Each structure stands twice: as structure tokens, then as C-alpha cells.
Amino acid sequence: MAVDEFAIHKGHRYATCVMDLETGFILWAGLGRSMADFEHFFKSIDLSLLSRLKAVAMDMNAFFNRLFQKYCPKVPIVYDRYHMQAQFGRDVMGAVRLEEAQKHRQEAEALKKYTKETNNPELQKMAREKSHEERKLYTELKKSRWILLKKDDHLNERQKTHLLDILSEHRDLAICYAMKQEMTRLFTLTDYEEALAGWTKWIQAGLAAHALYPINTGKPEGFNNKIKVLKRIGYGYRNMDYFFTLIRFHSLPKNYSSPKFP
């Protein structure tokens, strides 16, 4: 099973859907994405229907995990790999990269200011050269986002050399890059004990569930494109119950009988 959210209107209005990953059928869809909104899913069904649930995939941006821990405490939660990697790249590596770049910019400005304060021609020349170098490093770091995020085997020789230069000059960024590489390796593990030990060292043991249940939220996210088409065709819907029923109808697989979900 997977849980995901999708936009229904401009202005950050969202809905939530639950998908059976084996069949692609939308088991439930409801307005909102808060914990109170999603709790309607558990209150509207017979919880015994979830007794055969092996695992549930979700991203880490919502409160879905708390409700599954409340209503299905024995069901492993698998945090979506690609959300995790994208979030780490954006919120951690991206932040550190910009912080390091900012240091170079500030140093370049300080050196430029120094050239105006000193009357020593030799020191002025050295400060200008160093300022130019710091400005160049600032520009390179600002443009290095994709080099840091790409897989090693997707980099050409010039990019690999550039990456090594960046990492050798920026310790914090090198640590973040090593963590990104380790995250990628951990997500390939299929041995639970090994994954548990690895994730414990990296962040927290709960992420090791991916080794036993390599599921993700990609399928419901792909179905979001169909939801967008339904919205465009209908030019919006005033009756949200009808809209959610329509979503479930279009998710029905061929030759599949719907379970007894409301």
C-alpha cells in the first residue's frame, strides 16, 4: 500500500489518496492532507481489512506515519527512497553548498574593500587576485548543484575532476556528499540486519524497512497525472465526493473486483 497527496486547486489545496500497489486501485481518497483529514480513512473502514497489509510506503512530509503507528502498529513503514534522496539533496547538500558559496562571496567583497583601504600597491595586487579567485570559487559552487547530485557513473571526466576539486576544498560539503553516497548504497541493501545497522549509523533504524519491502510512492504519484487530466476535463468539481469516486473508478484494474471499502 502507498499513501500520497495531490493538489486539487491552486493555492495549496490538497487531497490524499491510498493505493493498493499490487493492483493500482485507489482504495480511498479524501480532502485535505492533515493528520485529522487522513484519519477519516481509518475511521471509515473496517480495520480488519488491513490485517493482510505487509507494508506501507509514504514520504516524510506529512503525518501519515503517526496514524499508521496508531491504527496498524505492526505494519512496517517504508519511507520513499526518491523523496528521501531529493530532500537530502535539496535541504542538506543544497543548504551547505550555498553556505560555502556565500563564504567565498563575502571573502571576495572583504578583499575588494581592502584594496581601497591600503596604499600598498603590492598588497592591492595580491588582494585583487585573491578576490578574483574567491569570486570564481563562489560562481563555481553556485553552478555545481547537478554535479553534486549526479551519480558518479553519470559524470564525464571533466565533471569528475571538478567534483574532486570542490570536495577537496570544502570539508562540510565533502561530508554531505559522503552521506549522499552512503544513502544510495543503503537503499540497495536487501539484508534487513545489514540495513538496520547501516541506517542506525546514518540516521534512524526505521528506514531499514526498505530492505524487506522495496516499495515506494512512485505509482500513486504517477497516477496523479491522471487525476490532473480528470480535473481539466471536468473544469473543476463542486461535489468532492463525486470527484473522489471518479478517481477511484479510473484506478480500477481490468478484471478486478473492488474490495469492500466505502
If you go through region 45-73 one residue at a time, how many are modelled with pLDDT of 90 or more, open to solvent by 40 Å² or more (accessible area, probe 1.4 Å) and in a loop (DSSP other than H, G, I, E, B)?
2
Quick count over region 120-135, residues being part of a helix (DSSP H, G or I) and either open to solvent by less than 50 Å² (accessible area, probe 1.4 Å) or more than 25 Å from residue 167 (Cβ to Cβ) (or both), is 10
Region 193-218 residues that are over 15 Å from residue 65 (Cα atoms), paired with ones that are at pLDDT 85 or above and of a type in the set (Lys, Arg) (beta carbon under 7 Å, 6 or more apart):
213/54
Please find, among 30, 24, the residue that is open to solvent by less than 50 Å² (accessible area, probe 1.4 Å), part of a loop (DSSP other than H, G, I, E, B) and closer than 18 Å to residue 244 by Cα.
24
State whether one or more residues within region 151-164 are closer than 29 Å to residue 58 by Cα and open to solvent by less than 90 Å² (accessible area, probe 1.4 Å).
yes
Condition first: within 15 Å of residue 95 (Cα to Cα) and basic (Lys, Arg). Now tell me which residues in region 142-194 satisfy that.
142, 143, 145, 171, 180
Return the residue satisfying two criteria in turn: it lies in region 165-179 and is in a helix (DSSP H, G or I), open to solvent by less than 30 Å² (accessible area, probe 1.4 Å) and not aliphatic (A, V, I, L, M), and of such residues it is nearest to residue 147 (Cα to Cα).
177
List the residue pairs whose Cβ atoms are under 7 Å apart, where the first residue sits in region 95-119 and is closer than 19 Å to residue 167 by Cα, the second is open to solvent by 80 Å² or more (accessible area, probe 1.4 Å) and basic (Lys, Arg), and the two are 6 or more positions apart or on different chains.
97/145; 101/142
Hey, any hits in region 96-105 for a residue that's of a type in the set (A, V, I, L, M, F, W, C) and either over 30 Å from residue 129 (Cα atoms) or open to solvent by 40 Å² or more (accessible area, probe 1.4 Å) (or both)?
yes
Going residue by residue through region 136-143, is there one that turns out to be of a type in the set (A, V, I, L, M), open to solvent by 40 Å² or more (accessible area, probe 1.4 Å), farther than 27 Å from residue 202 by Cα and out of contact with any Pro (no Cβ under 6 Å at 6 or more places or on another chain)?
yes
Condition check: closer than 30 Å to residue 149 by Cα, in contact (Cβ under 8 Å) with a residue 12 or more places away in the chain and open to solvent by less than 10 Å² (accessible area, probe 1.4 Å). Does residue 15 satisfy that?
no
Suppose the filter is closer than 27 Å to residue 58 by Cα, open to solvent by 30 Å² or more (accessible area, probe 1.4 Å), in a helix (DSSP H, G or I) and at pLDDT 90 or above; does residue 194 pass it?
yes
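The values are calculated or read from the model by the stated rules, or taken from the named source; none is laboratory data. These numbers come from a predicted model, not from an experiment. Note that we place each Cβ from the backbone using ideal geometry, even for glycine, and neighbour counts take in every protein chain shown. Remember, those area values only see protein heavy atoms, side chains included, never the ligands or the DNA or RNA. Shrake-Rupley method; radii C 1.70, N 1.55, O 1.52, S 1.80 Å.
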